[in-house]
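Just below is one structure, and these are the notes that go with it.
The values are calculated or read from the model by the stated rules, or taken from the named source; none is laboratory data. Since the model is a prediction, treat every value here as computed from it, not as a measurement. Neighbour counts are summed over all protein chains in view; Cβ atoms, including those assigned to glycine, are modelled from backbone coordinates with ideal geometry.
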Amino acid sequence: MPRSAVGLDPRAKAQVLARLRSAEGHLRGIIRMVEDDAYCIDVIKQTRAVQSAIEKTNALLLERHLNHCVSTAIRSDSPQERERVIAELLDVFENGRAAGRR
């Protein structure tokens, strides 16, 4: 079952969507550059810009998650819930490191 971000601040959601749409636009531009045989360094500069936009998006999402979901779980009376959110964060970062090493 998909989970949702309960009570997501509309302003934060708008920021995330704006960053993702910007990255999407950049990515479409990069595809056109490759199709048009653009200079490799120019393509790399643009892919790095997309990576930066995604990293900033992740930072916004992580900040929201830590300030809302994780802090709520840590304050809860349920040790299982506290362990779950910690394990969830560790899993995200462990998988991220493994994906980066490929």
Qualifying residues in region 79-102 (those that are of a type in the set (Gly, Ala, Ser) and surrounded by 10 or more Cβ atoms within 10 Å (Cβ to Cβ)) - the one modelled with the highest pLDDT: Ala87
Subset of region 2-49 [among the β-branched types (Val, Ile, Thr) and modelled with pLDDT of 95 or more]: Ile30, Ile31, Val34, Ile41, Val43, Ile44, Thr47
Those residues of region 52-88 which are basic (Lys, Arg) and more than 30 Å from Arg21 (Cα to Cα), in sequence order: Arg75, Arg82, Arg84
